[in-house]
Amino acid sequence: MSYRPLAGIRVIDFTRLLAGPYATMTLAELGADVIKVEQPEIGDETRHWGPPFIRGASAYFHAINRGKRSIALDLTRPADQEIADRLIGTADVVVESFRPGVAERLGIGAEHMRERHPRLVYASISGFSQTGPLAAEPGTAVTVEAESGLMHVTGYEGADPVRSGVAMVDIATGMSMINGVLAALLERERTGQGRRLEFSLFATAISSLGTVIAATSAGGPPSKPWGSSHPSIVPYRSFEASDGHVVLGATNDAMFARLVAALDLADTLGDERWRRNQARVAGREELEAIVGSRVAALSLDEVVERLKAARVLVARVRTPEDAAHGAHAASLGLVFDDDGVSIARSALGTNGTPRLDRAPALDEHGATLRAESAI
């Protein structure tokens with residue numbers, strides 16, 4: 001049986017870009033009726049983030065807006081504000097990602113809506129939150145990664161700062177919003193009252209840096225980028241084999257001993273000097289050079305087979321395309337084909353949630369939704 005615990009819940013989605021659309025698509029996968037409100041003619045600007053394009057919108061847009069209905073409203077026009085208000089009156093959840101103060105100017109601000117609809121759960125997503133010195137600054141993943149310090153610890157020491165390969169701050173913020181909304185809906189069942197919620201990319205980024213912040217404040221060295229390495233575990237990084245890259249690591253002393261044996265490194269790394277992780281961290285450069293030289297002399301298959309047999313942490317560094325079309329993703333049903341386009345499902349997909357319909361065309365459901373709201 002399909003897993004749709006939010007069936008009967010309606011979400012009005014005023015978000016755009018990534019964090020909000022990802023979150024509301026996940027709510028749709030859980031069974032919610034998600035109505036995406038977009039600007040006429042332009043829509044969510046990610047519709048234009050291409051090439052490549054699919055059925056008139058970017059592949060990016062299609063990946064994070066499936067399972068929704070679209071209506072185009074000009075919220076500067078009183079007539080369209082009235083339609084938005086009526087739609088909100090039918091909703092359980094409103095999600096918006098306007099700059100601070102914009103929702104209020106458009107007549108759909110949190111306080112006004114919750115006064116009119118006390119059971120409403122109203123969630124706001126922003127770059128730097130609704131208040132504070134940076135609140136008015138443009139907040140996308142790259143600016144937040146820079147301002148939060150996340151970019152400072154990403155990449156390699158001595159090289160340019162590097163943004164994350166995908167906007168994980170957006171994804172994590174969206175997931176936090178999902179948790180908050182689900183908890184607020186549960187609370188509403190007990191109290192009869194909705195709740196105002198706020199989520200920012202900046203708060204997510206700072207939270208994700210928790211171990212770094214704690215370590216430096218406790219007397220550790222200043223933060224810096226570590227590439228694929230770990231500041232407190234050695235070895236724990238990628239190395240280049242003769243035909244590609246592999247990640248390997250020893251998360252405890254016993255595993256390190258097995259790694260040494262598996263790679264035939266007893267003569268250089270088998271003595272007492274390297275037995276404890278603290279010493280390995282202190283001698284990082286020397287140890288990693290020894291391991292790197294040995295791995296370079298082996299093929300990927302040899303490294304993986306030896307270390308797996310020895311129960312040592314190891315994995316090939318694959319491309320997203322290889323992983324998406326590999327046997328493991330297939331066994332979990334994580335990626336499916338939609339008319340030649342590969343679509344990755346959310347992690348909920350392994351729990352029996354249904355596959356979502358294609359992302360909507362701009363205002364595809366406008367006539368139906370206008371008719372519904374007029375009743």
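The values are calculated or read from the model by the stated rules, or taken from the named source; none is laboratory data. These figures come from a predicted structure and were not determined experimentally. Virtual Cβ from ideal backbone geometry, glycine too; neighbours counted across all protein chains shown. Ligands, DNA and RNA are stripped out before the accessible areas are found, and what is left, the full protein with its side chains, is counted by its heavy atoms. Shrake-Rupley method; radii C 1.70, N 1.55, O 1.52, S 1.80 Å.
Quick notes on this one:
- Yes/no for residue 265 being over 30 Å from residue 149 (Cβ atoms) and not small (Gly, Ala, Ser): yes
- Of the candidates 149, 155, the single residue that is touching a Gly at 6+ places or on another chain (Cβ under 8 Å) and within 24 Å of residue 215 (Cα to Cα) is 155.
- Those strands (runs of 3 or more DSSP E) of the stretch 302-347 in which 3 or more residues are closer than 23 Å to residue 254 by Cβ occupy 313-316.
- Candidate set: the stretch 7-31, residues that are touching a Gly at 6+ places or on another chain (Cβ under 8 Å), more than 17 Å from residue 99 (Cβ to Cβ) and among the aliphatic types (A, V, I, L, M); chosen: the one most open to solvent (accessible area, probe 1.4 Å): 7
- Members of the stretch 53-75 found to be at pLDDT below 95 and part of a loop (DSSP other than H, G, I, E, B), listed by number: 55, 56
- Within the stretch 343-375, being farther than 21 Å from residue 174 by Cβ, surrounded by 12 or more Cβ atoms within 10 Å (Cβ to Cβ) and among the small types (Gly, Ala, Ser) holds for 361, 366, 373.
- Verdict on residue 312 being on the phi < 0 side of the Ramachandran plot, in contact (Cβ under 8 Å) with a residue 60 or more places away in the chain and open to solvent by 60 Å² or more (accessible area, probe 1.4 Å): no
- Members of the stretch 38-52 found to be outside any helix (DSSP H, G or I), crowded, with 17+ Cβ neighbours inside 10 Å and within 22 Å of the chain's Cα centre (by Cα), listed by number: 44
- Residue ID - nearest to residue 220 (Cα to Cα), chosen from residues in the stretch 263-282 that are part of a loop (DSSP other than H, G, I, E, B) and without any contact (Cβ under 8 Å) to a residue 40 or more places away in the chain: 276
- Contacts under 9 angstrom Cβ, first residue in the stretch 53-69 being open to solvent by less than 30 Å² (accessible area, probe 1.4 Å), partner modelled with pLDDT under 95 and of a type in the set (S, T, N, Q), 6 or more apart: none
- Subset of the stretch 107-121 [open to solvent by 20 Å² or more (accessible area, probe 1.4 Å) and within 29 Å of the chain's Cα centre (by Cα)]: 111, 114, 119
- The stretch 146-262 holds strands (runs of 3 or more DSSP E) entirely within its bounds, and those carrying 3 or more residues that are open to solvent by 50 Å² or more (accessible area, probe 1.4 Å) map to 195-200, 236-241.
- Residue within the stretch 316-323 that is open to solvent by less than 60 Å² (accessible area, probe 1.4 Å), over 30 Å from residue 63 (Cα atoms) and hydrophobic (A, V, I, L, M, F, W, C) present: no
- Checked against (1) touching a helix residue (DSSP H, G or I) at 6+ places or on another chain (Cβ under 9 Å); (2) assigned to a strand (DSSP E or B), residue 356 meets all criteria but (2).
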